[in-house]
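The values are calculated or read from the model by the stated rules, or taken from the named source; none is laboratory data. The shown structure was predicted, so the numbers you read here are calculated from the model rather than taken from an experiment. Don't worry about glycine lacking a Cβ; one is built from the backbone with ideal geometry, like all the others, and counts go over all protein chains shown. The area values use the complete protein model at the heavy-atom level, side chains included, leaving out ligands, DNA and RNA. Shrake-Rupley method; radii C 1.70, N 1.55, O 1.52, S 1.80 Å.
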Amino acid sequence: LAKTTQPISMDSYEGQEVNITCSHNNIATNDYITWYQQFPSQGPRFIIQGYKTKVTNEVASLFIPADRKSSTLSLPRVSLSDTAVYYCLVGEVYAGNMLTFGGGTRLMVKP
Amino acid sequence: EAQVTQNPRYLITVTGKKLTVTCSQNMNHEYMSWYRQDPGLGLRQIYYSMNVEVTDKGDVPEGYKVSRKEKRNFPLILESPSPNQTSLYFCASSLDGGAPETQYFGPGTRLLVL
């Protein structure tokens with residue numbers, strides 16, 4: 001599984017756009033990039049997944065450059081309730097053990 | 001309501017006393033797995049199961065056992081717990097191993113081994 005590197009923590013203010021970048025220099029051809037969100041005392045929750053270029057859903061956007069060695073999770077207009085830990089995962093979609101979580105990025109949204 | 005349930009939610013035990021943490025899902029998911037979460041280490045996968053009677057080791061399987069006799073249940077067994085197994089445990093299920101958008105995590109079980 002490709003190793004990922006994310007910032008340990010980030011601060012933002014309500015209403016701002018937040019971009020969290022994940023580095024995955026040794027990503028393999030069959031690997032997908034998946035982001036999860038975790039609130040304290042809860043299990044992680046799937047946010048978005050992509051393979052290349054840009055993916056957008058009702059929660060976030062995921063930007064993946066052509067070389068796929070990094071990806072950026074973009075959260076538009078964050079609110080206090082977006083305060084959580086965000087995990088970037090890289091692995092094959094149909095490998096049962098693809099879900100190896102790293103340390104994640106602790107996002108603090110301030111009023 | 002679609003959900004993954006775990007029991008117990010909190011458990012304090014002593015070294016060597018066998019324990020089982022149950023996990024059940026009501027979504028007819030084929031894939032289930034167990035994770036432990038420790039400060040600074042994120043979530044690490046213990047075991048996973050692609051279907052009934054099919055289980056495989058994750059990243060940190062030592063000291064744990066699992067079974068998948070029926071689709072809805074995936075218990076985690078600690079035959080002889082040790083203090084280094086003190087952790088927060090999560091069970092998860094998904095439609096199949098390749099569909100994270102369908103993945104659900106349980107509420108977690110906080111285990112303290114004295």
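A few comments on the model shown:
- Within the stretch B:64-93, being assigned to a loop (DSSP other than H, G, I, E, B) and within 14 Å of chain A (Cβ to nearest Cβ) holds for B:68, B:74.
- Counting only strands (runs of 3 or more DSSP E) that fall entirely inside the stretch A:1-77 and contain at least 3 residues that are surrounded by fewer than 13 Cβ atoms within 10 Å (Cβ to Cβ) and of a type outside the set (A, V, I, L, M), the qualifying elements are A:9-13.
- Any chance residue B:3 is crowded, with 16+ Cβ neighbours inside 10 Å and of a type in the set (S, T, N, Q): no
- For residue B:92, the conditions (1) open to solvent by 30 Å² or more (accessible area, probe 1.4 Å); (2) closer than 19 Å to residue A:86 by Cα; (3) touching a residue at least 60 places away in the same chain (Cβ under 8 Å) are fulfilled apart from (1).
- Among residues of the stretch B:39-66 that are closer than 23 Å to residue A:84 by Cβ and without any contact (Cβ under 8 Å) to a residue 24 or more places away in the chain, those with a beta-carbon under 8 Å from a residue that is among the hydroxyl-bearing types (Ser, Thr, Tyr) and in a strand (DSSP E or B) at least six positions away or on a different chain give the pairs B:42/A:87; B:44/B:35; B:45/B:33; B:45/B:35.
- Within the stretch B:42-58, considering residues that are at the interface with chain A (Cβ under 10 Å from one of its Cβ atoms), of a type outside the set (Ser, Thr, Tyr) and within 13 Å of the chain's Cα centre (by Cα), the one surrounded by the most Cβ atoms within 10 Å (Cβ to Cβ): B:43
- Where residue B:12 falls short, out of the listed (1) open to solvent by 20 Å² or more (accessible area, probe 1.4 Å); (2) away from chain A (no Cβ under 11 Å); (3) on the phi < 0 side of the Ramachandran plot; (4) not in a strand (DSSP E or B): (4)
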